[in-house]
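Colleague: First the structure, which I've put down as structure tokens, then a few questions once you've had a look.
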Amino acid sequence: MRIDIPDGKDAIEYVWGEMVPGIGVAASNFSLAVYAHTTLGLREFEAARLRIAQINGCVFCLDWRTERDGEKVEAEFADAVAQWRTTDAFDDRTRLAAEYAERYALDHHGLDEEFWTRMTAHYSQLEIVELSMSIGSWLAFGRLNRVLGLDTVCRLPSGASPRAVRPS
């Protein structure tokens, strides 16, 4: 971890809530809003989220699975996201969500008219804005947690810690 955490303090609560309360609390509220107010389907939401987690290498984000109404994506979903170009497990919207996340993170200048033609054929403008804000949140906060080394001390809602091994 890159930040010194006082004994007895939860790392995430300390960094996000106590160190920079004017920024951290607002960032946390934005991060939570992405989950609470999404109109996107679970599969496209998770495809974009997991692609960003794979790019960022955030251990916590890689372990997390969004749950809606008691449902989560299948166990093999993350592997399919990594293979979004060739997997037969995705419909067009899910594949586009993974592609958009990757290009948003790695080559946003390369989002050309051909891409936008495909994107607007499958997503409304409202959905594109929502997906863009969600991807921005995951990119920023997952990367922040990874860079500062907080991603291995985050706690899943079950109370479990993410796997201790960082991806290379």
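The values are calculated or read from the model by the stated rules, or taken from the named source; none is laboratory data. Given the structure is predicted, the values throughout are model-derived calculations rather than measurements. So basically every Cβ, Gly included, is an ideal-geometry build from the backbone, and we count neighbours across all protein chains shown. For accessibility, only protein heavy atoms count, side chains too; no ligands or nucleic acids. Shrake-Rupley method; radii C 1.70, N 1.55, O 1.52, S 1.80 Å.
Colleague: Assigned to a loop (DSSP other than H, G, I, E, B) and touching an Asp or Glu at 6+ places or on another chain (Cβ under 8 Å), is that true of A97?
Modeller: no
Colleague: Could you check the stretch 113-131 and list, in sequence order, the residues that are out of contact with any Lys or Arg (no Cβ under 6 Å at 6 or more places or on another chain) and either surrounded by 14 or more Cβ atoms within 10 Å (Cβ to Cβ) or under 12 Å from S31 (Cβ atoms) (or both)?
Modeller: Of everything in the stretch 113-131, those that are out of contact with any Lys or Arg (no Cβ under 6 Å at 6 or more places or on another chain) and either surrounded by 14 or more Cβ atoms within 10 Å (Cβ to Cβ) or under 12 Å from S31 (Cβ atoms) (or both) turn out to be F115, R118, M119, Y123, E127, I128, E130, L131.
Colleague: Across the stretch 67-88, what is the number of residues that are at pLDDT 95 or above, touching a helix residue (DSSP H, G or I) at 6+ places or on another chain (Cβ under 7 Å) and open to solvent by less than 70 Å² (accessible area, probe 1.4 Å)?
Modeller: Final tally of qualifying residues: 7.
Colleague: In the stretch 132-165, which residues are among the aliphatic types (A, V, I, L, M), open to solvent by 80 Å² or more (accessible area, probe 1.4 Å) and at pLDDT 90 or above?
Modeller: Those that are among the aliphatic types (A, V, I, L, M), open to solvent by 80 Å² or more (accessible area, probe 1.4 Å) and at pLDDT 90 or above: M133, V147.
Colleague: Within the stretch 74-91, can one find any residue that is more than 24 Å from R146 (Cα to Cα) and either of a type in the set (K, R) or assigned to a helix (DSSP H, G or I) (or both)?
Modeller: yes
Colleague: Could you list, in sequence order, all residues of the stretch 11-29 that are more than 18 Å from the chain's Cα centre (by Cα) and in contact (Cβ under 8 Å) with a residue 12 or more places away in the chain?
Modeller: Selection gives A11, V15, M19.
Colleague: Now for a different question. Do you know which residues across the stretch 100-117 are over 17 Å from T66 (Cα atoms) and in contact (Cβ under 8 Å) with a residue 24 or more places away in the chain?
Modeller: Y100, E102, Y104, A105, L106, listed by residue number.
Colleague: A follow-up question, please. Looking at (1) assigned to a helix (DSSP H, G or I); (2) in contact (Cβ under 8 Å) with a residue 12 or more places away in the chain; (3) open to solvent by 40 Å² or more (accessible area, probe 1.4 Å); (4) not acidic (D, E), find the lone condition where L50 falls short.
Modeller: Result: L50 passes all but (3).
Colleague: Please pick out the residue among L32, L106 that is within 17 Å of L150 (Cβ to Cβ), within 17 Å of the chain's Cα centre (by Cα) and open to solvent by 30 Å² or more (accessible area, probe 1.4 Å).
Modeller: It is L32.
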